[in-house]
1. Just give me the residues in the range 84-102 being outside any loop (DSSP other than H, G, I, E, B) and within 18 Å of ILE60 (Cα to Cα), in sequence order.
2. Could you check how many residues of the range 90-139 are within 31 Å of the chain's Cα centre (by Cα) and at positive phi?
3. Report every pair of residues separated by at least 6 positions or lying on different chains whose Cβ atoms are under 6 Å apart, first residue within the range 81-97 and among the charged types (D, E, K, R), second assigned to a strand (DSSP E or B) and surrounded by 12 or more Cβ atoms within 10 Å (Cβ to Cβ).
4. Could you tell me which residue of the range 62-89 is farthest from the chain's Cα centre (by Cα), considering only residues that are aliphatic (A, V, I, L, M) and at pLDDT 90 or above?
5. So in the range 108-136, with the set limited to residues that are of a type in the set (A, V, I, L, M, F, W, C) and surrounded by 10 or more Cβ atoms within 10 Å (Cβ to Cβ), which one is farthest from PHE70 (Cα to Cα)?
Amino acid sequence: MLRVFLQTATVTALALGLVACNPTLRNHGYIASADAKPQEIEANSDTKATVLSRLGNPSIKSTFDDDTWFYLTSVRQRLAYLRPITEERTITAVTFNDDGQVTKVAEYGIENGQYVNYVDRETPTRGKELSMLEQIFGTIGRIPVEQLGGRQNIPGGSGGPAGGR
């Protein structure tokens, strides 16, 4: 009886382990419908209005002008607690001229991406970095004593008018 229980427990544990290892796929960004795909936009025949009506708002617009729209789509795979992996990425760039006519449609994939190395250097600052205790207790003894209880006519200070002696 114990042997059957152990076999059942082992098979159950293995089955749960296999189920937990199934990857989860998630779509991010612009999701094209069957009748409206960014790749179907045609240069010299579509305008900003037709692109907007067929595809909707772009994922992002060009940084320095509004003449290039980008539609971004990506599929990410997540496996248990591991960092997600981007399996597919499609970027469709639609460029317009000054009249709002489409001049160019370019499609980029994940193979066109480039890694950017960030610089982790820090700009040094002048002075001394204070610890938390130095920040909390650093002003003790620095407040002028004459402002605490004297009878002076100091705006915002204590003591009231000096002429009432």
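The values are calculated or read from the model by the stated rules, or taken from the named source; none is laboratory data. Keep in mind that this is a model prediction, so the values were computed, not measured. For neighbour counting, all protein chains shown are included, and Cβ atoms are generated from backbone atoms with ideal geometry for every residue, glycine included.
1. Of everything in the range 84-102, those that are outside any loop (DSSP other than H, G, I, E, B) and within 18 Å of ILE60 (Cα to Cα) turn out to be ARG89, THR90, ILE91, THR92, ALA93, VAL94, THR95, PHE96, VAL102.
2. Within the range 90-139, residues that are within 31 Å of the chain's Cα centre (by Cα) and at positive phi number 1.
3. Filtered contacts from the range 81-97: GLU87/VAL75; GLU87/GLN77; GLU88/VAL75; ARG89/SER74.
4. Step one: of the range 62-89, the residues aliphatic (A, V, I, L, M) are 72, 75, 79-80, 82, 85.
Next, only the ones that are at pLDDT 90 or above stay: 72, 75.
Details: LEU72: 15, VAL75: 17 Å.
Filtering first and then ranking leaves VAL75.
5. Filtering the range 108-136 for residues of a type in the set (A, V, I, L, M, F, W, C) gives 110, 116, 119, 130, 132-133, 136.
Add one more test, that the residue is surrounded by 10 or more Cβ atoms within 10 Å (Cβ to Cβ), and what stays is 110, 130, 136.
Details: ILE110: 15, LEU130: 46, ILE136: 50 Å.
Checking each candidate, the answer is ILE136.
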